[in-house]
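A.B. asks: Handing you a structure now.
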Amino acid sequence: MLMDFTQPIKIAKHIYWVGMYLVNDPFQCHPYFIDNGNESILIDPGSMLEFDAVVKKIDIISSMNNVKYIILHHQDPDLAASVPKMEDLINRDDLLIITHSRMVPLVKHYMIKSDYYEIDKHQYRLDSNDLHLKFLTTPYCHSPGAFVTYEPSTKTLFSGDIFGGIEESWEFYAGDDYFEQAKQFHAEYMPSRDIFNYALSKIEALDINLIAPQHGSIIQREKISPLIAQMKSLECGLYIEDKYRDELLGTIEKLKEKDMALVASINENKEKEKLLFQKNKMADMGEMIGNIAHQWRQPLAINNTLISILKEKNERETLQTGELSQKLKEMEDSIQYMSQTIDDFMYFYHPNKEKITFSIAKVVEYALKIIRPILNKANIKIYFQSSNEFDIDGYVNEYTQVVVSILTNAKDILLYRKIQNAYIQIDLSETNNSTTLKISDNGGGVQEEDITRIFDPYFTTKHKSIGTGLGLYISKMIIEKNMGGVLSVENGKEGASFSISMEKADG
Ligand SMILES: [Fe+2]
Ligand SMILES: [Fe+2]
């Protein structure tokens, strides 16, 4: 269809292109006219370059005197410079310049005389007769107060500089390759992809039949969403500055490296933690064997003696009646005891991954059963009495290991410091919802400078030769991470006091 650009061109009901075809100029500027009786609207009227042509076209459709509103989507001369001359021709006291308040201090320099209708002070809309215009701000695209105008009855968007194009041979309606024409203009005019995408996302939410930009070609419905999709991934503004882009890319690269280093160091920590657990496990096994050896020494010696006696008497044939069976019974008993010792330790060191409800009093008794022979040998007294069970939920074996570990630590310090009348006091108490097991000793307490570090993973005291068992760090992990309790330490009158607080079991 051949178009006559000397005439106004109707693009939708009551909406006309009233521009001028600037021959050999790739930068076409388009004013639009909405015929709304004597409250008609002129959009982005242009500069003095097109003035005569625009006026002529408006007079064909209606008359200059019917213009009540002039919309200025931003302050640039290519759309606003002709306003004072337009005002002279329109010659109405009630003529209003519709723009954003940020634009007013700028456009007044064209020597505009009319009053302003600031969109941000009118809920971003204009209602006139049957016309209901909506204004959407598109900040910094490309002016701080830039906005676009949406006419809902025809679903037309007047988009100002957005969707503008620079075309060697200008087409009135955009073709399939319009993005190629729009690309360079947007790359240079839109400040950054993020800012531009914010404006595009607002536009994308509208139901649009036609986009009427101030430059380039008019875009019809089916071309709109593919064009927006292409626009969204356009590098523009700051990003086409080589220096800025290179610096930005450099920064992103550095951030990535830091991120990777961080991940690596976390992995390293995990590895260290694993090793620490491994080390503790080995230490536990060492301790278990040590404990078994300790408890086996006596029955082994007894059996050895009994065997020697029996051997001797047998050689001399001096065995009394019933003596053999009695000695065998004694040996059986001590072997039974040795076997029981293994069972106790195996049970204690066997990981139990199921949470159950258990009695703290029973755990303490059990832990004491394991450790008592060593405490007796070290001449350490134990004070523990409980008439209550104090039930909690958790991993019973892990909890037991922690108790044994704290008891072992106490024993170690009492021995190391050669404390007279050494004792360990165990108390159980409860509040409304928690149960606390407190293990105190008279070993002199933790050094003040160590008290904040005692649960650190690599904390060691000077006397490294003694004490194995779970480290306090692992104990804390078990109580706090695995079971949601609290393990803490404080110095009492005579020595350190460790507390394990746990939530009471339900019911
Ligand atoms: Fe502009
Ligand atoms: Fe423009």
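A.B. asks: So residue 136 passes all but one of these: (1) within 16 Å of ligand 2 (Cβ to nearest atom); (2) within 26 Å of residue 105 (Cα to Cα); (3) surrounded by 15 or more Cβ atoms within 10 Å (Cβ to Cβ). Which condition number does it fail?
C.D. replies: The one condition residue 136 does not meet is (1).
A.B. asks: Can you pull out every residue in region 99-119 that is in a strand (DSSP E or B) and not charged (D, E, K, R)?
C.D. replies: Scanning region 99-119 gives 99, 116, 117.
A.B. asks: Follow-up. On the basis of being assigned by TED's automatic domain parsing to the domain that holds residue 45 and exposed (fewer than 15 other Cβ atoms within 10 Å of the Cβ), does residue 192 make the cut?
C.D. replies: no
A.B. asks: Next question. Residue 440 - would you say it is in contact with a Ser or Thr (Cβ under 7 Å, 6 or more places away or on another chain), assigned to a helix (DSSP H, G or I), in the same structural domain as residue 504 (by TED's automatic domain parsing) and surrounded by 22 or more Cβ atoms within 10 Å (Cβ to Cβ)?
C.D. replies: Details: in contact with a Ser or Thr (Cβ under 7 Å, 6 or more places away or on another chain): yes; assigned to a helix (DSSP H, G or I): no; in the same structural domain as residue 504 (by TED's automatic domain parsing): yes; surrounded by 22 or more Cβ atoms within 10 Å (Cβ to Cβ): yes.
It is false that residue 440 is in contact with a Ser or Thr (Cβ under 7 Å, 6 or more places away or on another chain), assigned to a helix (DSSP H, G or I), in the same structural domain as residue 504 (by TED's automatic domain parsing) and surrounded by 22 or more Cβ atoms within 10 Å (Cβ to Cβ).
A.B. asks: Which residues, counting only those in region 31-66, are surrounded by 24 or more Cβ atoms within 10 Å (Cβ to Cβ) and either among the aliphatic types (A, V, I, L, M) or part of a helix (DSSP H, G or I) (or both)?
C.D. replies: 34, 41, 42, 43, 54, 58
A.B. asks: Let me ask something additional. Kindly evaluate residue 169 against the criterion of being modelled with pLDDT under 95 and closer than 22 Å to residue 11 by Cβ.
C.D. replies: It is true that residue 169 is modelled with pLDDT under 95 and closer than 22 Å to residue 11 by Cβ.
A.B. asks: Based on this model, can you work out whether residue 148 counts as assigned to a strand (DSSP E or B), within 19 Å of residue 36 (Cβ to Cβ) and within 16 Å of ligand 2 (Cβ to nearest atom)?
C.D. replies: yes
A.B. asks: From the list 71, 61, pick out the single residue that is more than 16 Å from ligand 1 (Cβ to nearest atom) and touching a strand residue (DSSP E or B) at 6+ places or on another chain (Cβ under 6 Å).
C.D. replies: Of the residues listed, the single one that is more than 16 Å from ligand 1 (Cβ to nearest atom) and touching a strand residue (DSSP E or B) at 6+ places or on another chain (Cβ under 6 Å) is 61.
A.B. asks: Any residue in region 343-357 that's among the aliphatic types (A, V, I, L, M) and outside any loop (DSSP other than H, G, I, E, B): show its pairings with residues that are at pLDDT 70 or above and surrounded by 10 or more Cβ atoms within 10 Å (Cβ to Cβ) at Cβ separation under 9 Å, as long as the two are six or more apart or on different chains.
C.D. replies: Listed pairs, sorted by first residue: 346/288; 356/393; 356/394; 356/395; 356/396.
Conditions tested, residue by residue: (1) at positive phi; (2) out of contact with any Phe, Trp or Tyr (no Cβ under 7 Å at 6 or more places or on another chain); (3) surrounded by 10 or more Cβ atoms within 10 Å (Cβ to Cβ).
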{"site": "237", "(1), (2), (3)": "yes, yes, yes"}
{"site": "247", "(1), (2), (3)": "no, yes, yes"}
{"site": "255", "(1), (2), (3)": "no, yes, yes"}
{"site": "264", "(1), (2), (3)": "no, yes, yes"}
{"site": "284", "(1), (2), (3)": "no, no, yes"}
{"site": "298", "(1), (2), (3)": "no, yes, yes"}
{"site": "303", "(1), (2), (3)": "no, yes, yes"}
{"site": "308", "(1), (2), (3)": "no, yes, yes"}
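A.B. asks: Looking only at region 372-394, which residues are under 50 Å from the mean Cα position of the chain (by Cα) and assigned to a loop (DSSP other than H, G, I, E, B)?
C.D. replies: Result: 385, 386, 387, 388, 389, 390.
A.B. asks: Here's a follow-up. Checking residue 250 against (1) over 28 Å from the mean Cα position of the chain (by Cα); (2) of a type in the set (Gly, Ala, Ser); (3) over 30 Å from residue 207 (Cβ atoms); (4) modelled with pLDDT of 85 or more, which single condition isn't satisfied?
C.D. replies: So the condition that residue 250 fails would be (1).
A.B. asks: Another question, then. Tell me, which residue of region 212-226 that is under 40 Å from the mean Cα position of the chain (by Cα) and not small (Gly, Ala, Ser) is surrounded by the most Cβ atoms within 10 Å (Cβ to Cβ)?
C.D. replies: The extreme case among them is 224.
A.B. asks: Turning to a different aspect of this structure: Which condition number in (1) part of a loop (DSSP other than H, G, I, E, B); (2) in contact (Cβ under 8 Å) with a residue 24 or more places away in the chain; (3) closer than 17 Å to residue 41 by Cα is the one that residue 93 fails?
C.D. replies: Just one mismatch for residue 93, condition (2).
A.B. asks: Follow-up question, since we're still on this one. For residue 200, are the conditions met, namely being touching a Lys or Arg at 6+ places or on another chain (Cβ under 8 Å) and crowded, with 18+ Cβ neighbours inside 10 Å?
C.D. replies: yes
The values are calculated or read from the model by the stated rules, or taken from the named source; none is laboratory data. Keep in mind that this is a model prediction, so the values were computed, not measured. Backbone-built Cβ (ideal geometry, glycine too); neighbour counts: all protein chains shown.
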